[in-house]
Amino acid sequence: MKISIYGLGGRLQRARKCTGLSQEAVGKRISVSWMTVHRWERSQRSISEENLDRLCELYDKPLRWFLTLEEGHLEQENGPSETQGFGVASSPAAQRLSRRIADAPASQRRIIEKVVEDLLDSMG
């Protein structure tokens, strides 16, 4: 399954920079080209679930850190949120949805992600 959500590229880039690794070094460690890493960080290409899992291990970050829509999770570790000013996480409904998805059992996450992807695709 391919994952592409708002803000993921920026979070990938910040996590990489915190480790001090270059895009080339990251690519070598997870067996992709540096250009692929570059495109993920620029949100020009979606990332597979398997590669995101590899990056979670490499960057020592939980999957939830990359996928959360809640401002608080990013503010705690990285200062101001990238969603600030866009209203993405300011809605109580968006915050509830994000928490419920993040807390869902692993066995249900794939279907939830598929439903969310389909919904987002239908919105444009």
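Between a first residue in the stretch 31-42 that is within 12 Å of GLY9 (Cα to Cα) and among the polar types (S, T, N, Q) and a second residue that is at pLDDT below 95 and surrounded by fewer than 17 Cβ atoms within 10 Å (Cβ to Cβ), which pairs have beta carbons less than 7 Å apart while being 6 or more apart in sequence or on different chains?
Partner pairs satisfying both residue conditions: THR36/ARG45.
Can you name every residue in the stretch 11-24 that is touching a Lys or Arg at 6+ places or on another chain (Cβ under 9 Å) and surrounded by 15 or more Cβ atoms within 10 Å (Cβ to Cβ)?
Of everything in the stretch 11-24, those that are touching a Lys or Arg at 6+ places or on another chain (Cβ under 9 Å) and surrounded by 15 or more Cβ atoms within 10 Å (Cβ to Cβ) turn out to be ARG11, GLN13, ALA15, LEU21, GLN23.
The values are calculated or read from the model by the stated rules, or taken from the named source; none is laboratory data. Since the structure is predicted, the reported quantities are computational estimates derived from the model, not experimental observations. In this analysis, Cβ positions are derived from the backbone assuming ideal geometry, glycine residues included, and neighbour counts consider all displayed protein chains.
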